[in-house]
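Notes to accompany the following structure.
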């Protein structure tokens with residue numbers, strides 16, 4: 001969140017005219033201080049320089065001294081003091097279903113691509129030499145005919161370029177960069193996820209302030225697990241469920257939502273686990289020695305919305321729908337973390353998608369003048385939707401009818 005900066009009292013009333021007026025007032029009374037006089041002309045440049053120093057340079061200096069207002073490389077310096085670094089852009093990740101010759105091994109780095117229409121192709125490369133059997137619970141595979149000596153495999157791939165560009169929808173990756181007869185079919189049955197841009201100043205600032213607010217420790221507090229998980233590119237929010245397998249078990253479960261507001265993909269989950277537990281180097285382990293960590297994505301709950309809206313002149317419904325979906329993404333995070341997991345488990349409170357707040361997000365969307373309150377349906381009803389432990393709301397179909 002942005003933090004408003006107000007100049008301190010001693011830096012106010014320091015404009016060029018105010019400084020110059022004080023300089024003229026300090027002149028002997030028998031000297032001509034009118035505009036264009038010699039004293040006026042000779043002192044004006046000094047007033048300009050002092051105003052620039054006071055109004056801009058000193059205020060900037062104060063701002064970069066505190067993480068609340070620091071920016072760019074200066075904010076990075078504050079983060080470094082807390083043992084935090086700005087997260088780089090994270091590439092999207094997912095799985096392809098590939099029909100290929102039995103015995104064919106797709107080496108790491110083999111490239112696939114989306115079709116080039118109005119935009120260039122987006123490239124993906126095989127992330128691991130390990131191929132997986134196609135699970136039973138994935139979306140239906142298209143009705144295709146593959147050669148008798150070809151088999152279907154799950155192939156993990158990652159976008160070559162970091163950022164949201166790689167978050168492509170299902171059935172987008174259907175080409176090979178260097179075609180081979182050993183592969184007869186390829187597609188992504190599910191969307192690629194986890195592609196996020198480089199961490200913004202606002203997001204980095206919140207991590208720095210959280211570290212200052214809660215302190216940096218390695219005792220395995222909830223705040224420690226959140227801080228550790230957020231070191232990984234692509235991580236958005238983290239919910240900690242301590243001793244989820246029972247008192248005294250030492251079990252800790254983290255539910256991870258990515259920075260785009262959707263349940264994190266498997267690569268992000270693996271990276272969080274490996275960073276905290278360090279299975280390859282126990283000397284670098286962050287978690288307490290007796291902690292048993294599980295890192296999971298919350299179960300998605302699709303939230304579909306229908307509403308009738310009145311638009312501003314010159315604004316199209318597709319643009320407004322995208323803005324509304326962005327607003328919803330921010331609200332889903334607030335809805336799923338409104339109360340602590342301890343409060344929810346104790347029955348003190350319930351996290352839920354509140355019907356009235358879904359409407360508020362609609363009303364706050366740029367380009368919408370008003371909406372018909374009676375027309376708003378959330379999952380076909382006007383009820384609140386409970387968000388249980390280990391679940392997270394995600395945007396389903398959004399239909400805005402123009403009135």
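The values are calculated or read from the model by the stated rules, or taken from the named source; none is laboratory data. Just so you know, these numbers come straight off a predicted model, no measurement behind them. Note: ideal-geometry Cβ built from the backbone for every residue, glycine included; neighbour counts use all protein chains shown.
Annotation for the range 265-286: at least one member residue is assigned to a loop (DSSP other than H, G, I, E, B), crowded, with 21+ Cβ neighbours inside 10 Å and touching a residue at least 12 places away in the same chain (Cβ under 8 Å). Against the condition surrounded by 14 or more Cβ atoms within 10 Å (Cβ to Cβ) and part of a helix (DSSP H, G or I), how does residue 301 come out, does it pass? So residue 301 does not fit the description; no. Is it the case, given these coordinates, that residue 291 is over 17 Å from residue 369 (Cα atoms), outside the structural domain of residue 392 (by TED's automatic domain parsing) and touching a strand residue (DSSP E or B) at 6+ places or on another chain (Cβ under 6 Å)? Here the answer is yes, as residue 291 does meet what is asked.
Checked against (1) surrounded by 14 or more Cβ atoms within 10 Å (Cβ to Cβ); (2) under 37 Å from the mean Cα position of the chain (by Cα), residue 57 passes all but condition (1). Being part of a loop (DSSP other than H, G, I, E, B), out of contact with any helix residue (DSSP H, G or I) (no Cβ under 6 Å at 6 or more places or on another chain) and surrounded by fewer than 12 Cβ atoms within 10 Å (Cβ to Cβ) is a condition met by at least one residue of the range 83-98.
Within the range 345-359, take every residue that is out of contact with any strand residue (DSSP E or B) (no Cβ under 6 Å at 6 or more places or on another chain) and touching a residue at least 12 places away in the same chain (Cβ under 8 Å) and give me the one that is nearest to residue 320 (Cα to Cα). Give the steps one after another, and end with the answer.
As a first pass, look at the range 345-359 and keep what is out of contact with any strand residue (DSSP E or B) (no Cβ under 6 Å at 6 or more places or on another chain): 345-349, 354, 356-357, 359.
Now drop any that are not touching a residue at least 12 places away in the same chain (Cβ under 8 Å), which leaves 345, 354, 357, 359.
Values: 345: 38, 354: 21, 357: 18, 359: 14 Å.
Looking at the filtered set, the residue picked out is 359.
With the structure loaded, tell me whether residue 204 is assigned by TED's automatic domain parsing to the domain that holds residue 152 and touching a residue at least 24 places away in the same chain (Cβ under 8 Å) or whether it fails that test. Show your work before the answer.
Working: assigned by TED's automatic domain parsing to the domain that holds residue 152: no; touching a residue at least 24 places away in the same chain (Cβ under 8 Å): yes.
In short, no.
Cβ separations smaller than 8 Å between residues 6+ apart or across chains give the following pairs from the range 17-28 residues that are in the same structural domain as residue 52 (by TED's automatic domain parsing) to residues that are assigned to a loop (DSSP other than H, G, I, E, B) and modelled with pLDDT under 95: 24/33; 27/33. Looking across 384, 401, one residue alone is surrounded by 12 or more Cβ atoms within 10 Å (Cβ to Cβ) and touching a helix residue (DSSP H, G or I) at 6+ places or on another chain (Cβ under 7 Å). It is 384. Within the range 1-20, the set of residues being in a helix (DSSP H, G or I) and either touching a strand residue (DSSP E or B) at 6+ places or on another chain (Cβ under 6 Å) or closer than 15 Å to residue 43 by Cα (or both) comprises 16, 17, 18, 19, 20. Scan the range 211-263 for residues that are surrounded by 15 or more Cβ atoms within 10 Å (Cβ to Cβ), outside any loop (DSSP other than H, G, I, E, B) and out of contact with any strand residue (DSSP E or B) (no Cβ under 7 Å at 6 or more places or on another chain) and jot them down. Correct list: 211, 223, 224, 227, 228.
Picking from residues in the range 189-202 that are at pLDDT 95 or above and either in contact with a helix residue (DSSP H, G or I) (Cβ under 9 Å, 6 or more places away or on another chain) or crowded, with 16+ Cβ neighbours inside 10 Å (or both), the one that is farthest from residue 112 (Cα to Cα) is 201.
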